[in-house]
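First up is the structure itself, then whatever we jot down about it.
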Amino acid sequence: MFAEADGFPRARNGKTIHSDPNISITDPASEDDFNIRYSSASAAPACYEVNRVSCEASPLTMSPWKQASPLSKKPWTHSDEANVPANSLIGSIVREEGHIYSLAATKDLLYTGSDSKNIRVWKNLKEFTGFKSNSGLVKAIVISGEKIFTGHQDGKIRVWKVSLKNPSIHKRSGTLPTLKDILKSSIKPSSYIEVKRKRSLWIKHSDALSCLSLNSEHGLLYSASWDRTFNVWRISDSKCLESVHAHEDAVNSVISTAGEMVFTGSADGTVKVWKRELQHKGTKHKLAQTLLQQESAVTALAINAAGSAVYCGSSEGLVNFWGIGKQLSHGGVLKGHKLAILCLAAAGNLVFSGSADKSICVWRKDGNIHTCLSVLTGHTGPVKCLAVEKDHESGNDHRWIVYSGSLDKSVKVWSVSEFAQAMSKVGDHESNREAFPVEGSYSTNWLIELYVYTCEY
């Protein structure tokens, strides 16, 4: 069990568990900076300079042009799209508002969550609107139709709706669990469970939320928490259907397939597969299989668009993957990072891995072979979150817009093609070949960092 008398979680052996052992954080109260809980067994030695601010080496902060200007109200720039190469960074959002922890993209809107109280909304490469959560750190954002769900440090889920009369207005329509359900459950002794030696209502998370995942087919929302559980919510009436004690340590990720499988990854080093059964009054999840059991923490999960593969990122910088069929079969390991994987995303035939080493690896799946197309670099801090959507303006079904949020307080926007020149391949088995950043060129332009990286050899 954890003891938190001094404000920092401690493992069973008494050692302090840091949110990321590889990064030096200047804020003494920032143990949640990575939004990922590591077990004590997965701690690694510090590899970053002490007392270094994440954006200290940025051309933005070193530029002689960094000064107050009316132009500074525009936090975004993008290059001439006609000159954008196959894989490139086309723009950045830089706001001194806090580390970026969560992203969600839908149609022409991008939602960003940080450790400030603001959730920003961007449209057509410009700031569109924003709204306050009044609860600080925004750890996850998912969108279902006209509803926006945000997961927070306090263990609650806020629900927001877009005004039909004015799309720039977002109003909070509720909180999960609802006050009505809390009051109704609190009078029933059977509604209480023991979490970390404390009695708590089973419909409530007793620790920080780490992840949200939608199952549109059945109208379900999944929430994972550091309290070692995942909860299942029915979107139509905001009711908590089930709470599952899934792991022996913090649950860092949960994802649901279109079928009946749910995957969870934890700081205890395991990836578990759950079988979902729909019942008259709710759901029932049963443990079907433990896919992975290792010493290093599982930090992120993703399923590809076809639903044919599941990917698992870990604190040791590796991405394991399994083929999804009648049975789950281990396909191999992708080795492209030197530090912990912090986030994963998949779109089309592409898989993206963001890391504490400040880079993003772009992998293309062809059967069971994964080709590293490029390593996207430019962030001056760890890459914490990713969001991907199709590039509709290009008219190309194989080009994607990738958003990456970082602890350097910036969001970068990339144009990525599935037909970019390859760097290295990883086949059916582990390969010792690593992917390294591609050298490129950059220019600094009035409070904006603009880099272009190509895969030319």
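The values are calculated or read from the model by the stated rules, or taken from the named source; none is laboratory data. Worth saying up front: this structure is predicted, and the values here are computed from it rather than measured. Reconstructed Cβ throughout: ideal geometry from the backbone, glycine too, with neighbour counts over all protein chains shown. When the accessible area is computed, the model is the full protein with side chains, heavy atoms only, and any ligands, DNA or RNA have been set aside. Shrake-Rupley method; radii C 1.70, N 1.55, O 1.52, S 1.80 Å.
Give the residues of the range 290-313 that are part of a strand (DSSP E or B), closer than 25 Å to Arg234 by Cα and of a type outside the set (Gly, Ala, Ser), sorted by residue number.
Within the range 290-313, Leu301, Ile303, Val310 qualify.
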Does Lys272 satisfy the condition of being over 17 Å from Ala345 (Cα atoms), within 20 Å of the chain's Cα centre (by Cα) and in a strand (DSSP E or B)? yes
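Restricting attention to the range 134-149, report how many residues are among the polar types (S, T, N, Q), closer than 17 Å to Ser114 by Cβ and touching a strand residue (DSSP E or B) at 6+ places or on another chain (Cβ under 6 Å).
Taking the range 134-149 as the starting set, the residues that turn out to be among the polar types (S, T, N, Q) are 134-135, 144.
Next, only the ones that are closer than 17 Å to Ser114 by Cβ stay: 134-135.
Retained after the next criterion (residues that are touching a strand residue (DSSP E or B) at 6+ places or on another chain (Cβ under 6 Å)): 135.
The number of residues fulfilling the criteria is 1.
Of all the residues that make up the range 91-124, how many are in a loop (DSSP other than H, G, I, E, B), surrounded by fewer than 21 Cβ atoms within 10 Å (Cβ to Cβ) and either of a type in the set (D, E, K, R) or without any contact (Cβ under 8 Å) to a residue 60 or more places away in the chain (or both)? Write out each step before concluding.
Here is the first cut: in the range 91-124, the ones in a loop (DSSP other than H, G, I, E, B) are 95-99, 107-108, 115-117, 124.
Add one more test, that the residue is surrounded by fewer than 21 Cβ atoms within 10 Å (Cβ to Cβ), and what stays is 95-98, 107-108, 116-117, 124.
Next, only the ones that are either of a type in the set (D, E, K, R) or without any contact (Cβ under 8 Å) to a residue 60 or more places away in the chain (or both) stay: 95-97, 107-108, 116-117, 124.
Residues meeting the conditions: 8.
Scanning for something in a loop (DSSP other than H, G, I, E, B), open to solvent by 20 Å² or more (accessible area, probe 1.4 Å), within 19 Å of Leu109 (Cβ to Cβ) and not small (Gly, Ala, Ser), does the range 177-191 turn up at least one residue?
no
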For the range 199-243, which residues satisfy the criterion of being open to solvent by less than 40 Å² (accessible area, probe 1.4 Å), assigned to a loop (DSSP other than H, G, I, E, B) and within 22 Å of Trp160 (Cβ to Cβ)? Ile203, His205, Ala208, Gly219, Ile235, Ser238
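Of everything in the range 364-375, what is of a type outside the set (D, E, K, R), open to solvent by 20 Å² or more (accessible area, probe 1.4 Å) and either under 19 Å from Asn87 (Cα atoms) or in a loop (DSSP other than H, G, I, E, B) (or both)? Give them in sequence order. Talk me through it step by step, then tell me what you get.
Our first condition is that a residue be of a type outside the set (D, E, K, R); within the range 364-375, this holds for 367-375.
Among the residues that remain, those that are also open to solvent by 20 Å² or more (accessible area, probe 1.4 Å) are: 367-369.
Correct list: Gly367, Asn368.
Can you tell me which residue within the range 244-269, out of those that are part of a strand (DSSP E or B) and hydrophobic (A, V, I, L, M, F, W, C), is most open to solvent (accessible area, probe 1.4 Å)? It would help to see each step written out before you state the result.
Initial filter on the range 244-269 (part of a strand (DSSP E or B)): 244-245, 251-256, 261-266.
Among the residues that remain, those that are also hydrophobic (A, V, I, L, M, F, W, C) are: 244, 251, 254-255, 261-263.
Numbers: Val244: 13, Val251: 0, Val254: 1, Ile255: 24, Met261: 47, Val262: 0, Phe263: 0 Å².
Top of the filtered list is Met261.
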Quick one: what pairs do we get from the range 178-203, first residue more than 17 Å from Arg234 (Cβ to Cβ), second loosely packed, with under 10 Cβ neighbours inside 10 Å and acidic (Asp, Glu), C-beta under 8 Å, 6+ apart or different chains? Ser200/Glu194
Among the residues of the range 330-337, are any among the small types (Gly, Ala, Ser), out of contact with any helix residue (DSSP H, G or I) (no Cβ under 9 Å at 6 or more places or on another chain) and assigned to a loop (DSSP other than H, G, I, E, B)? yes
Would you call Gly151 within 20 Å of Arg228 (Cβ to Cβ), in a loop (DSSP other than H, G, I, E, B) and open to solvent by less than 20 Å² (accessible area, probe 1.4 Å)? no
Among the residues of the range 376-387, count how many are assigned to a strand (DSSP E or B) and either over 18 Å from the mean Cα position of the chain (by Cα) or not β-branched (Val, Ile, Thr) (or both). 5
What are the residues in the range 294-317 that are open to solvent by 10 Å² or more (accessible area, probe 1.4 Å), aliphatic (A, V, I, L, M) and over 20 Å from Ser223 (Cα atoms), if any? Ala305, Ala306
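Report, by residue number, each residue of the range 388-406 that is open to solvent by 10 Å² or more (accessible area, probe 1.4 Å) and assigned to a strand (DSSP E or B).
Step one: of the range 388-406, the residues open to solvent by 10 Å² or more (accessible area, probe 1.4 Å) are 388-401, 403.
Selection gives Val388, Glu389, Lys390, Arg399, Trp400, Ile401, Tyr403.
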Going through the range 126-148 one residue at a time, which ones are part of a loop (DSSP other than H, G, I, E, B) and farther than 21 Å from Ala347 by Cα? Ser133, Asn134, Ser135, Gly136, Leu137, Glu146
With (1) crowded, with 21+ Cβ neighbours inside 10 Å; (2) more than 13 Å from Glu418 (Cβ to Cβ); (3) free of Cβ contacts under 8 Å to residues at least 60 places away in the same chain as the list, and Pro382 as the residue in question, which single condition is left unmet? (3)
